[in-house]
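Input: a single structure, listed below in structure tokens.
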Amino acid sequence: MKRMIPILLLAIFMCAACTSTKEKNERMVKQEEPSKVIPNVEIIAKQLRTPWSIEKSDTALYVTERPGNIVKIMEGEVARQQVLLKKELSTAPEAGLLGFVLSPDFTTTHIAYAYYTYEEGSAQFNRVVTLMLIDNKWQETDLLIDRIQSGTYHHGGRLKIGPDRKLYVTVGDATQPSLAQDLDALEGKILRLNLDGSIPNDNPFPRSYVYSYGHRNPQGLAWATDGTMYASEHGNAANDEINMIEKGKNYGWPLMEGTDKQQHMVTPLFTSGSTKTWAPSGITVVDDHLYAAALRGTAVLTFDVNMKKQDMLLSEFGRIRDVFMDGSYLYFISNNTDGRGNPQPDDDKLYRIPL
């Protein structure tokens, strides 16, 4: 029995060592699993106020802020430019100065396009307007579309100019799902218009801005080099979507979502599934890869549209609102000051990484 004691003690010691090593390895795994960080991340601007859109002209970057400013960033200098609007800007959740895109001839005309939410008495609407940069201030000039219903949430708001030099607008369902299927309503749609605000002759529905319908809250638009159009869309609690957008097609909301299939309706290329949410916002496409800003996903996500694979490019920066590709750099903005995030010192920020 005495000879057994040293053997038992040795066995106990070895088991304790194994348990300690196992616990250490488990802790290491838990520390490595939650995030994916890419080196060489640069901070281009700090202390942004709930930023929403990124645009670029020559060496100058422009970022819209929901409270009603446009921030110009050039050669390390950050200047907040006032935006003079004709309507009272709304401060409701998800509302404010949202989409922004520069005119193709911006360097000579100083014209841009903007989408904003405004208040009129007890009502609230969205509108699409032109802005002109005069003496470092942006002034609303022409009204293109007005009185788009906004509701409490689901404003949409992304503006992009397509390869066809038409202006595309994403519009949410204004928390009235049935509007997404109503072709006489602008809500729950992607709209297409000429740069002067008129309706293109080749739009799919006569005398209508509607380009596609059945959308819940689309917030990202981008085109591949071959002209294929993509959009990101917020699902109902889950089932967020990345869609390939085709002229006149019905994307199902609220009659279907996620991987559901119905006749004459389009199922998304990618979905977050019924138990997860990305809350995707701005997107950009590089070669066969689509990059999406994810708010609740707190990441920049990547989607290989040919291989039908998805991945996470980076995380640990909080809520991401928009992405913008310029040359070999991907720019992205955090959105931690929007009332739903956890702001870190000097948030929000504009970052860039080399791809």
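Derived scalar couplings between HN and Hα for the range 134-141 equal 10, 6, 6, 10, 9, 10, 5, 10 Hz in order, rounded to whole Hz, by the Karplus curve 6.51 cos²θ - 1.76 cosθ + 1.60 (θ = phi - 60°), x for Gly and Pro. Between Ile199, Ile245, Ile161, the Gaussian network model of the chain with springs among Cα atoms under 10 angstrom shows the greatest mean-square fluctuation at Ile199. Relative to the dominant Cα principal axis of the chain, helix 4-32 is inclined by about 10°. Taking a straight Cα-Cα cut-off under 19 Å and skipping sequence neighbours fewer than 8 places away in the same chain, the aspartates and glutamates within cross-link reach of Lys72 are Glu42, Glu55, Asp58, Asp105, Asp135, Glu140, Asp322, Asp326, Asp346, Asp347, Asp348. Structural descriptor for the range 278-354: relative contact order 22 percent, calculated from alpha carbon pairs under 8 angstrom and at least 6 residues apart. Of all aspartates and glutamates in the structure, the ones whose alpha carbon falls short of 17 Å from that of Lys309, not counting any fewer than 8 places away in one chain, are Asp240, Glu241, Asp287, Asp288. Between Ala60 and Glu119, the modelled label-to-label distance comes to 3.1 nm, taking each label 7 Å out from Cα in the direction of the beta carbon.
Under Stokes-Einstein, with the Kirkwood radius over Cα pairs standing in for Rh, what whole-number D in µm²/s applies to the range 239-355 at 4 °C and 1.567 mPa s? Let's see the in-between values first.
On the way: Rh = 15.2 Å.
For these conditions, the coefficient is 85 µm²/s.
Helical runs assigned H by DSSP (4 residues or longer) give the chain a calculated mean residue ellipticity at 222 nm of -3000 deg cm²/dmol, each run adding -39500 (n - 2.57) before division by the residue total. Annotation note: trypsin sites (Lys or Arg not before Pro) in the range 162-224 located in DSSP loop regions with a Cβ neighbour count of at most 14 within 10 Å are Arg165, Arg207. Computed from the alpha carbon atoms alone, the convex hull of the range 274-331 holds 80 Å³ per residue. For a modelled paramagnetic label at Leu195, 7 Å from Cα along Cα-to-Cβ, the residues of the range 95-111 in reach, with backbone nitrogen under 18 Å, are 100-111.
Where does the charge balance sit around Val171 when Lys and Arg score +1, Asp and Glu -1, over other residues with C-beta under 14 Å from its C-beta?
Working: positive: Arg127, Arg147, Arg158, Lys160, Lys189, Arg192, Arg216; negative: Glu94, Asp146, Asp173, Asp182, Asp184, Glu187, Glu233.
Charge balance near Val171 sits at 0.
With a Förster radius of 56 Å applied to the C-beta separation of Ser274 and Ile134, the computed FRET efficiency comes to 0.65.
Restricting the range 60-156 to trypsin sites (Lys or Arg not before Pro) that sit in a DSSP loop and have at most 13 other Cβ atoms within 10 Å of their own Cβ leaves Lys86.
Our summary gives the chain a relative contact order of 13 percent, counting only alpha carbon pairs under 8 angstrom and 6 or more residues apart. Overall, the ratio between the Cα radius of gyration of the chain and 2.2 N^0.38 Å, rounded to two decimals, is 1.15.
Spin-label pair Asn40-Lys87: with each label point 7 Å from Cα along the Cα-Cβ axis, the two points sit 4.4 nm from one another.
Short-range pairs are left out: with C-alpha atoms under 8 Å and at least six residues apart, the relative contact order of the range 202-355 is 15 percent. Between Asp202 and Thr267, the C-beta separation translates, for a Förster distance of 25 Å, into a calculated FRET efficiency of about 0.45.
Since every read-out is calculated from the coordinates, none of them should be taken as a lab result. Just so it is clear, the model here is predicted, and its values are computed rather than measured. Glycine gets a Cβ as well: all are built from the backbone with ideal geometry, and neighbour counts include every protein chain shown.
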